[in-house]
Amino acid sequence: MEINTPTGFLNYHHLRYFWAVAREGSLRRASELLRVSQPSMSAQIGLLEEALGEDLFRPRGRSLELTEFGQMVYGYADEIIALGTELQRAARQAPGARALRLHTGVVDSFPKLMTYDILRPALEHKPAVLVTCHEGKLGELVGQLHSHRLDLVLSDEPASPGTHGRVFNHPLGTTGITFCAMPGLAKTLTKRFPRKLDGAPAVLPTQNSALRRDLERWFEDSGVRPNVVGEFEDAALMKIVAGGGAGIVPVPTVVASEAVERYGFVPVGKTKDVEVRFYAITAERRFAHPAIRAITARLRKRE
């Protein structure tokens with residue numbers, strides 16, 4: 001299959017060879033995987049570079065490293081190869097509607113229970129939607145959004161304008177914080193809230209997060225100083241550590257009941273003075289994807 005480009009024809013097989021080398025990081029391993037000789041594969045990747053007008057790889061020791069342009073092309077190639085595999089699978093099976101795809105980036109500090117709660121309408125969507133989640137830092141996820149490798153990014157802070165091109169922050173809502181602890185620890189916290197937090201062991205988000213900064217301000221205003229025994233970028237890992245009895249943990253109130261059920265926590269107090277803000281970040285001003293529209297419709301009903 002060939003696709004006309006401004007500088008020539010884009011050959012699907014050439015793209016597949018490039019994708020395999022980029023994924024394996026080695027011409028030798030990719031050639032063994034596809035059972036194509038290394039000289040032949042190298043020559044055909046050269047034709048792809050000629051068609052696209054830029055280098056895709058640069059040498060790095062005995063391996064190959066993607067150029068910045070190559071990284072962008074790999075994102076598209078990954079999508080095209082996945083669609084080609086899906087087409088082959090559909091051709092072998094009974095005909096049916098092709099599943100929609102929703103590629104979602106989730107900032108690693110974003111609460112995992114909240115992620116599931118937000119994405120549930122997409123998972124339950126009819127016709128079916130194949131939901132793929134990628135976790136990472138906000139900057140890198142927004143970069144993938146701008147290069148169309150992602151449809152949506154879920155974050156607890158807005159993307160800065162102009163960092164990776166034009167993106168739009170769609171507020172999904174806010175929630176307060178519920179402090180939770182395992183029953184054994186909770187029994188030792190006998191003072192009234194929030195005084196019971198003073199000196200209590202706590203596992204908190206890392207200091208580079210918006211939530212941690214808001215918590216620190218609230219602790220200072222409330223005259224309490226927990227004993228921080230752990231700091232975590234991953235909200236799920238933070239809850240697991242707290243589930244082992246290490247300390248109290250702040251949980252978004254909207255998912256506190258699920259956290260209590262899943263981890264066995266006991267709520268020890270809550271406040272609306274610390275807010276967790278949720279954003280859906282897209283490359284478009286309006287939500288065009290039907291699964292994203294379903295997500296936002298459900299959130300509006302709960303407001």
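The values are calculated or read from the model by the stated rules, or taken from the named source; none is laboratory data. From a predicted model like this one, the values you see are computed outputs, not experimental measurements. Virtual Cβ from ideal backbone geometry, glycine too; neighbours counted across all protein chains shown.
A few remarks follow.
The rows are residues; the columns are (1) modelled with pLDDT under 80; (2) in the same structural domain as residue 20 (by TED's automatic domain parsing); (3) outside any loop (DSSP other than H, G, I, E, B).
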residue	(1), (2), (3)
65	no, yes, yes
85	yes, yes, yes
131	no, no, yes
135	no, no, yes
145	no, no, yes
148	yes, no, no
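- Matching residues in the range 182-197 - criterion: being of a type in the set (Ser, Thr, Tyr) and closer than 12 Å to residue 247 by Cβ: 188
- The listed residues are 79, 49, and the only one of them that is assigned to a helix (DSSP H, G or I), modelled with pLDDT under 80 and closer than 26 Å to residue 148 by Cα turns out to be 79.
- Scanning the range 223-257 for residues that are buried (at least 16 other Cβ atoms within 10 Å of the Cβ) and either charged (D, E, K, R) or outside the structural domain of residue 268 (by TED's automatic domain parsing) (or both) gives 234, 239.
- Pairs with Cβ under 8 Å, 6+ apart, first in the range 39-56 and among the aliphatic types (A, V, I, L, M), second assigned to a loop (DSSP other than H, G, I, E, B): 45/56; 48/56; 51/7; 52/7; 56/67
- Residues that are aliphatic (A, V, I, L, M) and either out of contact with any helix residue (DSSP H, G or I) (no Cβ under 8 Å at 6 or more places or on another chain) or assigned to a helix (DSSP H, G or I) (or both), drawn from the range 104-129: 113, 114, 118, 119, 122, 123, 128
- Count of the range 195-251 residues which are closer than 20 Å to residue 271 by Cβ and among the β-branched types (Val, Ile, Thr): 6
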